[in-house]
There are 2 protein chains.
Amino acid sequence: MSEQQGIKPYVIGLDLGGTNSVFGIVDSRGDIKTQTAIKTGGYTCAEDFVKASVEALLPIIDQVGGIEKIKAMGIGAPNGNFYRGTIEFAPNLPWAHDGIVPLAQMFSDALGIPVGLTNDANAAALGEMVYGVARGMKNFIVITLGTGVGSGVVVNGQLLYGHDGFAGELGHVTMVRGAQGRICGCGRTGCLEAYCSATGVARTAREMLEKTERPSLLRELDAEKITSLDVSIAAGKGDELAKEIFDFTGTMLGEACADFAAFSSPEAFIFFGGLVKAGKLIMDPIKVAYDNHVMNIFKGKAQFLVSGLDGASAAVLGASAIGWEI
Amino acid sequence: MSEQQGIKPYVIGLDLGGTNSVFGIVDSRGDIKTQTAIKTGGYTCAEDFVKASVEALLPIIDQVGGIEKIKAMGIGAPNGNFYRGTIEFAPNLPWAHDGIVPLAQMFSDALGIPVGLTNDANAAALGEMVYGVARGMKNFIVITLGTGVGSGVVVNGQLLYGHDGFAGELGHVTMVRGAQGRICGCGRTGCLEAYCSATGVARTAREMLEKTERPSLLRELDAEKITSLDVSIAAGKGDELAKEIFDFTGTMLGEACADFAAFSSPEAFIFFGGLVKAGKLIMDPIKVAYDNHVMNIFKGKAQFLVSGLDGASAAVLGASAIGWEI
């Protein structure tokens, strides 16, 4: 058995982003042995994208000893559906924006290995379970704080996909009900994502600067161009208004996590993405708000962790983790 | 094999309520062959409760051919923990209100068969899966609308217990944030249960009667004694205010279900309990609010069903279902 396992020591991970598609060949400890990338756009159809991908992959597959050393491939992609191995109506992908692309099957046909596919946040959760801070955990939630708010929910050691493959959209629970809720990118109002994504934080900054006359380093910037990174830098310099923006954001995340506990009672919430670099500025208010709002039976039970995966390679690692699970 | 299966055609179900403990012996089709009951209170310790239970059980076990015909026993109990088989700090049980009672093990020792235990809402979900409208479903949510609001969440064909056994407390997600949220029995504010339980509906009725001068059949009653059944009867007679109370309740439930879809994307929401007897008065606003609030990707996918189990025996059937699953 050990010899057989030794024959296929690697998986391929594909982080399929709006701009770049990054491929890595990864071992079971999460070391990326070699990687390559192509532009995601610039193809009119999925067939051409797969063809270009395979051309880029063949040299790095040779580097690790050929396709017979590779157990499987995993793809993390926007609007990815695990059950069907498809990308469905992905607005930012020119060759998948108006239809259903069976990308897993196409790569499997081209490479002759099993291929699994899921969305980026689910891939991040698998990455934490296989290589990261969730090793050994069976019930946890990964929340990705980036341009949007994504999530991957693991219960009983399995990703929660729901009956249609689209479960775990925790960025779109409603946090502010009624007319005063912010418009969200999903077309609805009041979603967690509209407040706690990077763009949500920038919007909170603009609102706070408009509503008050309070001094802030952020006033030196063009309000329309403020980013969450600007807020993070200002808060790091002790700017009170910037700190309040993180308090507001973390408090809402903590209240949301209290509701999530009532659903799946995870042993940990794991945060991932650009906003997490703000460290205690965001993590402390999350924990305080959680403790203030969670049911008594859950109090003090869940850990609040930051992703253990290196930011630059986390998405490829997450995608590759699918390869070990299928 | 078929002979061996034939040897143990029954399970025992125990619906352990605050007042009565009802035992039924059930076959695989959900027919209750025989049943008995004892008072739940009146015992100073759990040992005495189990002893009295076994005394009541022995004659009905004999009726079906003896203990060797019984595969297992399931218990549905308030504050029941499936992982540990315990009842923990159940406020309404005199012999379990200030500690942890290993009731499953105690019954198993006394009867010599496997015994599983979970909370009442989880038992209801198992009952629907084994005998009811959720047969064949792998992802669904049962919401019980009674004195409180309970829930049992099934994902990938398994009950969602979370890392500590207490997952699925959907009655305690926060629907009204901040100071204006109603105080809930759990000690927090704004919970779904504070609005959509039977007591929540009665409270909505009192609030609406106080806030307006509008005519209503409900004004003929003592406001402090109005029940959800009174509201249901008035609405059935065409009372506009009573209908609005159900609209308000169903709308909040539908909005909550839209958030639940973002979590586990179930194929059905199944409603159970006294309030459900109001039929379309409550189910129609649930469906309308769900369609108005759910993410586009989930729209039109989930069914909204009413429990298929007979109210009087549903709790015993749900408890007995645990016996088939362990």
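The table for this structure:
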read-out	value
The stretch B:134-165 and the stretch B:16-71: distance between their alpha carbon centers, rounded to Å	25 Å
Nm distances between copies for B:Thr227, ranked from closest, using label points 7 Å along Cα→Cβ	6.2
For the protein assembly as shown: rounded, prolate or oblate by the Cα gyration tensor [a/c cutoff 1.5]	oblate
Relative contact order of chain B, pairs being alpha-carbon contacts under 8 Å that are 6 or more residues apart, as %	20 percent
Check: the stretch B:136-307 dipole with +1 on Lys, Arg Cβ and -1 on Asp, Glu Cβ, in debye	220 debye
Across the identical copies, how the B:Arg182 labels are spaced - nm, sorted shortest first, 7 Å along Cα→Cβ	3.0
Estimated translational D of the stretch A:78-169 in µm²/s (Stokes, Kirkwood radius over Cα pairs; 37 °C; 0.692 mPa s)	237 µm²/s
Rounded D (µm²/s) - the stretch A:136-307, Kirkwood Rh over Cα pairs, Stokes-Einstein at 20 °C, 1.002 mPa s	130 µm²/s
Built amide H within the under 5 Å cut-off of A:Thr34, gap 5+	A:Ile25
Accessible carbon and sulfur surface of the protein assembly as shown relative to its total accessible area, %, 1.4 Å	52 percent
Nonlocal amide H pairs with B:Asn79, under 5 Å, H built at 1.01 Å	B:Asp120
Charged-residue dipole, Cβ positions (Lys, Arg, Asp, Glu), the protein assembly as shown about Cα centre, Debye nearest 20	80 debye
Listed residues B:Lys225, B:Lys69, B:Lys33, most fluctuating in chain B (Gaussian network, C-alpha, under 10 Å)	B:Lys225
Over 19 Å (Cα to Cα) - which of B:Lys243/B:Lys299; A:Lys301/B:Lys138; A:Lys243/A:Lys287; A:Lys69/A:Lys138 fall in this group	B:Lys243/B:Lys299; A:Lys301/B:Lys138; A:Lys69/A:Lys138
Charged-residue dipole, Cβ positions (Lys, Arg, Asp, Glu), chain B about Cα centre, Debye nearest 20	500 debye
Distance between the stretch A:279-302 and the stretch A:176-228 - C-alpha centres, whole angstrom	23 Å
Paired Rg and Dmax values of chain B, which use every Cα atom, in angstrom	20.6, 70
Rounded tilt (10° steps) of A:198-211 against the dominant C-alpha axis of chain A	10 degrees
7 Å along Cα→Cβ, label-point gaps from B:Lys280 to other copies, nm, shortest first	6.1
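The values are calculated or read from the model by the stated rules, or taken from the named source; none is laboratory data. Keep in mind that what you see is a predicted model, and the values were worked out from it rather than measured. Note: ideal-geometry Cβ built from the backbone for every residue, glycine included; neighbour counts use all protein chains shown. Only protein heavy atoms, including side chains, enter the accessible area calculation; ligands, DNA and RNA are left aside. Shrake-Rupley method; radii C 1.70, N 1.55, O 1.52, S 1.80 Å.
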